[in-house]
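Some notes on the structure that comes next.
Each value in this text was obtained by applying a stated rule to the coordinates, not by laboratory testing. Small disclaimer: the values here were computed from a predicted structure and weren't measured. All Cβ positions, even for glycine, are placed from backbone atoms using ideal geometry, and neighbour counts span all protein chains on display.
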Amino acid sequence: MLLSRFVFCMLLVVPVFCEAQIFGKKKKESAPNGQPTALEPYYPQEVQEPKVRNKKSKGIRYSNPEEESIKRKEAIAKQFRKNEELMEKPQYSNPAYFGHKRPPKKRPPDKMKFCKVCGIRH
């Protein structure tokens, strides 16, 4: 009785595992899209410039790398000038500020507190 149940289970279970292995395998593509194959050993590459929409003309114009580089350089110079103006503030230029936005209060020695910003007691 026990042997017959074992044989019956094996007859049901073994084909199910075999079917699962057969259906589990996926077909591999011969070559991914855009890759050269034996039938097509080379493929032409299309060179396209990025399209930029012009707001005034509502049309599409092609971007000019020289113009873009000049714009980037101007933006960098503008940011550099802005940073220089910020560094002139007393917060950055006056050593009495110790990195604070406003100069710290001067307390008597027995009431001094430890500052988390600059790590000095004042």
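The slack between PHE114 and PHE6, meaning 0.36 nm per residue of separation minus the straight C-alpha distance, is 30.9 nm.
Under 14 Å from the Cβ of GLU74, count the other residues' Cβ atoms, weight Lys and Arg +1, Asp and Glu -1, and hand me the total. Result for the local shell: +3.
Remark: the HIS100-THR37 segment gains 16.1 nm on full extension, using 0.36 nm per residue and subtracting the alpha carbon distance.
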